[in-house]
Structures are given as C-alpha cells and as structure tokens.
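Report on one structure; see the data block that follows.
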Amino acid sequence: MATFVDRYPEEASVVKATLVVSFLSLGIGALFGLVQALHRTGYLRILDSVDYYTILTGHGVLLALVFTIFFLMGLFTWAVVQSLERPLPDIRLSWAWFGLTTTGATFAAVAILAGLIPSIDMSADVLYTFYAPLMAHPLFYVGLAMFIVGTWLAGADWFLAYREWRAENPDERIPLQTFMVLTTMLMWYLATLGVAVSTVFFLIPWSFGWVETVNPLLTRTLFWFFGHPVVYFWLMPAYMLWYTVLPKLAGGRLFSDPLARVVFVLFLLLSTPVGIHHQYLDPGIAEGFKFIAMTNTMFLLLPSLLTAFTVVASMEHGARQRGGEGYVSWLGALPWRDPAFTGMALAGVMFAAGGFSGMINAGMNINYLIHNTLWVPGHFHLTVGTAVALTMMAGSYWLVPQLTGKRLYSRPIGLLQVVVWFVGMVLMSNAMHRGGLAGIPRRTAEPQYQNFDFSMALGTIGEIRAGIAIGGTLLFVSVVLFLVNILLSAFEEPIENPVDDSLPEPLSGASGSPVVLDNLRLWTAIAVVLVILAYTLPLAGIVGDAGLLGDVPGVPVWVSANAEATLDLLTEVIA
Ligand code: HEM
Ligand SMILES: [Cu+2]
C-alpha cells in the first residue's frame with residue numbers, strides 16, 4: 001500500500017509542519033540545557049548568573065511544553081487519519097490550530113528571550129511553572145492562552161474526524177490509536193481547565209495591571225491541577241508508540257488490545273485528582289488533602305505497571321517470532337540495529353528507573369528529603385526528558401519517512417544518536433539524583449559548595465559536577481546528531497516505500513475487550529466526579545483563607561532589567 005504522504009498529502013503537510021516547530025524547539029532547548037549544565041557546574045560560564053533564569057525558563061518551556069506538545073499534535077493527527085483510514089474533515093481547521101498554537105508559542109518564546117536583551121523592557125523569567133508571585137510580561141501569558149486554545153481546536157479536529165467515521169461505522173470498535181487520542185484529549189480538556197482559569201482570570205489581568213493582587217497559592221494550585229496531568233499528555237504519545245509501533249518493530253504484535261484500552265481509561269480517570277502531590281510543602285493546604293493526593297498517586301502506578309507488562313510481553317513475542325529462545329536470551333534476537341526500536345527500548349528502560357525515583361517523590365514524608373533539590377530534575381529527565389523525548393526522536397526515524405516519502409539519511413547515525421542519549425542521560429541523571437540527596441538545590445545558578453567538606457555516601461561534589469557536565473554535553477551532541485540526520489533526510493530522493501509502515505493486528509484484539517471500555521461519556525463523567533471530590537474542599541479553603549485575588553502585589557520579574565525597582569518591590573512585599 002502507498003505510504004502516508006501519497007494517501008493523505010494534505011494531512012502529511014500538517015504533520016510535517018508540527019514536527020518542524022517541535023524539532024526547532026528541541027534544538028534551541030537543548031542548547032539552553034547545555035549552557036545550564038556547564039554554568040551551574042562551573043565548567044563554562046558564557047552568561048551572567050542573572051540571565052540563568054531566562055535560559056532556564058526557555059529550556060523548560062521550549063522542551064517540556066513546545067517540543068513535546070507539537071510532536072504530540074503531529075503524531076495524533078497521523079494516528080487519527082491512518083487508523084480511521086480517512087482524511088480530516090476540513091484541512092482549514094487543521095491549519096487554524098497549527099497557526100494558533102505556533103503563534104502562541106512564538107509569543108511566549110519572544111517574551112522569554114527578550115529577557116536576554118537589556119534594552120527591551122520585556123521578560124518572562126517565571127520558569128515553565130509560571131505561577132504567582134513571579135510575574136511575566138503579558139505577552140507571555142497571552143501566548144500561553146493562545147497555545148492552549150489551539151490544542152483544544154486540535155482535539156476538536158480529531159473528535160470531528162471520529163464523528164464522521166462513527167456515522168459510517170455505527171457498530172465497530174473505536175480503532176485503538178484513535179481510542180488513545182480521544183481518551184488523552186478528554187483528559188487534556190479536563191486538566192487544562194485549571195491552567196486556563198489561572199491564566200485568563202488571574203495572570204493576564206494581573207500582568208496588565210487591571211487587578212492589583214492575586215492569590216499565589218490559588219495560582220499554584222490551579223497550575224498543579226494541570227501540572228500533573230500534563231505529564232501524561234507528554235507520556236501518552238510515547239505510550240501510543242510503545243503499544244502500537246514498538247511491537248511491530250520488534251517483529252511481533254501487540255500482546256493485548258483490551259489491556260491497552262484499560263490503561264488509557266485509567267489515565268483519564270486518575271491523572272487529574274493527584275496534582276496536590278506537587279504541593280506537599282505548600283503551607284495553606286491541609287495535610288489530609290495531601291494525603292488523599294498521595295493515595296490517588298499510588299493508584300496511578302497500576303497503569304504504568306500494566307504497560308510495562310504488556311509492552312515487554314509484546315517485545316518477547318516479537319523476539320520469539322525472530323527465533324529468540326530461553327528466559328532471557330530472547331533479548332538478543334531483538335532488532336538492536338534499528339535505531340527506532342533501540343531508541344524506544346532504551347527509553348522504556350529509563351522510564352522504569354524514573355518510576356523508582358518517582359516513588360520517592362510521591363511519598364509525602366520522603367518527598368521532604370528531596371523537595372526542590374537536583375533530585376527532581378534528575379527524576380524528570382528520565383521520564384519526560386528520556387522516556388518521552390527519546391521515544392519521540394526514535395519514533396521519528398520511522399514516522400518521518402512516511403510523511404516525506406524519503407528514506408532516513410543514515411540508520412547508523414540514528415543508532416549512535418540514541419545510544420549517546422542513553423549514556424549521556426545515565427551520567428547526568430544519576431549525578432543529579434545523588435546531588436539532590438546531598439542537598440544541592442535545583443534552579444540555582446551558583447551552587448558553589450566551596451567549603452563543603454563532609455563526606456557523602458557515594459562520590460564527591462566534584463564527581464557529581466563532572467557527571468552533569470559530561471552527561472549534558474553528550475545529550476546536546478545527541479540532539480545535534482538527530483537534527484542533522486532528519487535535515488539531511490529531506491534531501492533524499494523520494495522512493496516507493498521508504499519504510500515498512502504496516503501495523504499488525506494485536507494478538508488479543510478489540511473484539512475481546514469489554515464494550516464498556518469504549519463508553520467515553522461514562523469515563524469522562526467519572527473523571528469529572530473524581531476531580532470535584534479531590535479539589536472542591538482544598539480550593540474552597542484556599543479562597544476562604546486569602547480571597548480570590550489574595551493580597552500579594554507580586555514580583556514583576558519583567559522589570560528585572562531595572563534591579564532597583566525589583567528590590568523596592570520586594571522590600572514592599574516583605575514589609
Ligand atoms: C540536551 C539535553 C538536556 C540537558 C543538557 C538538560 C539539562 C538540564 C539541567 C542542568 C537542568 C537543571 C537546571 C537547574 O535546576 O538549575 C534542567 C532542567 C530542566 N529540564 Fe533539561 N536538559 C536536557 C533535556 C531536556 C529535555 C529533553 C526535557 C523535556 C522534554 C527537559 C526538561 C527540563 C525541565 C522541565 C527542567 C526544569 C526547569 C525548571 O526548573 O524550571 N530537559 N535541564
Ligand atoms: Cu505529578
């Protein structure tokens with residue numbers, strides 16, 4: 001059968017456009033990552049420590065929000081079109097959401113980067129978590145709002161495509177990839193309510209000066225209402241690739257379609273009512289609510305363990321089809337020379353490690369030990385920074401040829417790239433975890449530790465710094481290899497079948513999965529109820545304590561070019 005671009009040329013253009021934005025952000029974000037890694041370890045300092053937060057905000061926003069979500073929008077568009085086997089209802093809608101998200105992301109990026117130019121009175125050094133009392137230039141929040149509305153329209157595009165398909169196929173099961181897209185988007189609609197309310201009703205009016213004050217705890221809580229589920233928004237594209245593409249690359253078939261559906265339903269139900277687990281150390285939220293969030297978080301382990309089981313079982317099936325034998329030696333029969341396969345498999349291994357450190361984060365009491373230390377970036381560079389990012393890069397080696405009709409420039413470079421990422425991340429993330437245990441804070445340009453002379457359980461501060469600097473450098477090199485490989489692929493000649501893009505049926509198919517799983521209305525209703533139960537009382541308490549608009553004037557970091565004004569404001573706040 002002809003490849004994706006031949007069957008759906010217009011949709012392929014939309015997907016390509018989203019990937020271009022995604023990869024551009026990846027390149028800039030990775031450069032910032034390198035600058036940070038070398039700066040805070042003292043190896044190379046090319047900028048003033050004052051500008052560290054501009055770079056750190058750029059890194060977080062461009063990688064965690066722009067790179068990942070643009071990739072998701074491209075992947076989901078591809079997935080809906082190819083699994084429903086029909087074009088999108090109206091390609092103008094697709095270009096509209098692409099235009100809106102791209103403009104929004106550009107506004108936010110401009111507001112952040114302007115912080116590097118002292119003559120422009122604009123900055124947004126508020127970090128990718130952007131809650132009060134740090135205040136950004138209004139352009140930043142307006143950009144974010146446009147970006148979020150754009151993702152809503154993208155979801156509408158996919159739901160409309162599904163509705164057209166459903167009208168013609170009233171009795172069929174929702175194709176698995178479309179099911180994944182729809183459940184993920186339902187979760188997203190629910191989760192983004194928090195950040196949309198916070199941005200539109202509080203942060204935008206506040207940054208324009210229409211209201212004097214905001215309630216910082218309220219904006220924090222609304223951020224984390226969205227800030228936990230967003231991690232599943234990053235993760236679900238990776239899960240989609242692990243469930244539907246990885247088994248095929250391994251030479252086999254997905255072990256179980258019903259299990260995959262159960263996992264996505266569980267994420268829809270459980271992603272949102274746990275956000276308070278990011279606020280274990282926030283005063284102003286009663287311990288009991290934190291405890292409930294912790295309990296819900298532990299339930300979230302279930303879908304991840306189900307995934308580990310299903311994906312490994314599918315890989316084992318593939319390996320045995322390829323002649324693999326024994327309890328463990330079947331691993332050797334997997335196609336390790338294929339960069340798409342190896343990248344995703346290594347990403348999965350890293351995700352398991354990230355799961356372990358995540359357990360520490362999730363435990364209310366142990367969390368106090370590592371809160372706001374380097375441990376935390378150590379953790380999420382394994383999860384979003386590798387499980388997601390490396391899967392997206394590896395998946396691109398298989399996906400991009402379908403969108404261009406051209407083969408990948410070099411598979412060996414691809415293989416080298418994913419292995420370099422793995423090694424770099426082992427070094428950087430391991431050092432970050434240990435640094436965190438030693439008490440080194442995150443988000444700090446100057447963790448000097450000159451007179452640090454007590455011995456640590458493992459390694460020394462010097463060795464931890466070296467791990468971060470060398471690991472960070474390898475990661476940057478890996479991103480360069482990835483981008484060059486993709487760029488050079490664009491100059492290949494188009495060919496008939498640039499990649500084997502067929503996706504085999506699961507071993508245990510949709511017909512074996514309970515029909516109720518496809519009842520999206522039911523799951524959405526339960527998800528809403530769970531959110532109401534988890535959030536009504538905490539939010540009522542926060543608003544009851546300090547009012548909707550609080551009494552904190554805020555710290556507008558966008559006048560930080562004028563340090564004295566900021567200091568005056570700070571003094572005012574403290575007084
Ligand atoms: C070239 C590869 C990368 C390098 C060298 C790198 C390095 C770093 C370093 C050193 C920090 C800690 C800064 C601090 O707390 O002071 C950091 C933070 C962070 N990184 Fe990365 N990183 C890389 C890739 C990624 C990727 C792929 C993602 C996500 C997709 C990511 C997301 C983040 C986020 C969200 C933060 C936290 C920002 C904040 O605290 O506000 N990074 N990175
Ligand atoms: Cu979380």
- Message: Among 61, 80, 35, which residue has its Cα furthest toward the positive end of the charge dipole of the range 28-166, with +1 on Lys/Arg Cβ and -1 on Asp/Glu Cβ?
- Response: 80
- Note on the structure: Cβ density ranking, 10 Å radius, fewest first, applied to 7, 92 yields 92, 7
- Task: Mind jotting down the distance between the C-alpha centroids of the range 18-38 and the range 442-479, whole Å?
- Result: 21
- Query: Which whole-Hz couplings ³J(HN,Hα) result when phi for each residue of the range 489-501 is put into the Karplus expression 6.51 cos²θ - 1.76 cosθ + 1.60, θ = phi - 60°, listed in order with x for Gly and Pro?
  - Reply: 4, 5, 9, 5, 7, x, 10, 4, 10, x, 7, 6, 9
- For 94, 357, ascending order of other Cβ atoms within 10 Å (fewest first) is 357, 94
- Sorted by Cβ density within 10 Å, fewest first, the residues 28, 486, 117, 112: 117, 28, 486, 112
- Query: Arranged from highest to lowest average of other beta-carbon atoms within 10 Å per residue, in what order do the peptides 372-382, 81-91 appear?
  - Reply: 372-382, 81-91
- Query: Per the helix-only calculation at 222 nm, which mean residue ellipticity applies to the chain, given -39500 (n - 2.57) for every DSSP H run of n ≥ 4 and division by its residues, nearest 500 deg cm²/dmol?
  - Reply: -21500 deg cm²/dmol
- Item | Rounded to the nearest 20 debye, dipole of the range 435-541 from Cβ charges on Lys, Arg, Asp, Glu | 780
- In debye to the nearest 20, how big a dipole does the range 1-117 give about its Cα centre with +1 on each Lys and Arg Cβ and -1 on each Asp and Glu Cβ? 180
- Which order do peptides 406-415, 525-534 fall in by mean Cβ count within 10 Å, highest first? 406-415, 525-534
- Would you grab the residues whose amide H sits under 5 Å from the one on residue 508? Only those 5+ places off in sequence or on another chain, please, with H modelled 1.01 Å from N. 256, 257
- Query: Under 5 Å between amide H atoms, partner at least 5 residues away or on a different chain: which partners does residue 135 have, H built in plane at 1.01 Å?
  - Reply: 555, 557, 558
- Which of 350, 118, 200 sits farthest toward the positive end of the charge dipole of the chain, with +1 on the Cβ of Lys and Arg and -1 on the Cβ of Asp and Glu? 350
- Query: What's the center-to-center distance, using Cα atoms, between the range 229-251 and the range 91-169 in Å?
  - Reply: 24
- How large is ³J(HN,Hα) for each residue in the range 360-370, as worked out from phi by the Karplus curve 6.51 cos²θ - 1.76 cosθ + 1.60 (θ = phi - 60°), to whole Hz, x for Gly and Pro? 5, 4, 6, x, 4, 7, 5, 4, 4, 5, 10
- Task: Report, please, the projected area of the range 200-350 averaged over directions, based on the convex hull of its C-alpha atoms, in nm².
- Result: 11.8
- Message: Could you tell me how many cubic angstrom of Cα convex hull volume the range 1-98 has per residue?
- Response: 108
- Hydrodynamic calc, the range 438-526: Kirkwood Rh from Cα pairs, then Stokes-Einstein at 20 °C with viscosity 1.002 mPa s, so D in µm² s⁻¹ is 106
- Query: Of the listed peptides 503-511, 151-159, 68-76, what is their order by residue-averaged count of other C-beta atoms within 10 Å, with the highest listed first?
  - Reply: 68-76, 151-159, 503-511
- Using θ = phi - 60° and the Karplus curve 6.51 cos²θ - 1.76 cosθ + 1.60, what whole-Hz ³J(HN,Hα) does each residue of the range 534-546 get, with Gly and Pro shown as x? 6, 10, 4, 5, x, 5, 4, x, 5, 6, x, 6, 10
- Dipole magnitude of the range 351-454 about its Cα centre, charges +1 at Lys/Arg Cβ and -1 at Asp/Glu Cβ only, in debye to the nearest 20? 440
- Message: What's the whole-number percent of alpha carbon pairs in the chain lying beyond 31 angstrom?
- Response: 49
- Query: Which shape class applies to the range 309-411: rounded if a/c is under 1.5, otherwise prolate when a/b exceeds b/c and oblate if not, where a ≥ b ≥ c are the square roots of the Cα gyration tensor eigenvalues?
  - Reply: oblate
- Query: Out of 335, 495, 180, whose Cα points farthest toward the positive end of the dipole of the chain (charges: +1 Lys, Arg; -1 Asp, Glu; placed on Cβ)?
  - Reply: 335
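Bear in mind that the values in this text are calculations on the coordinates, not laboratory data. Not measured: the values here are computed from a predicted model. Cβ sites come from the backbone with ideal geometry, for glycine too, and all protein chains shown count toward neighbours.
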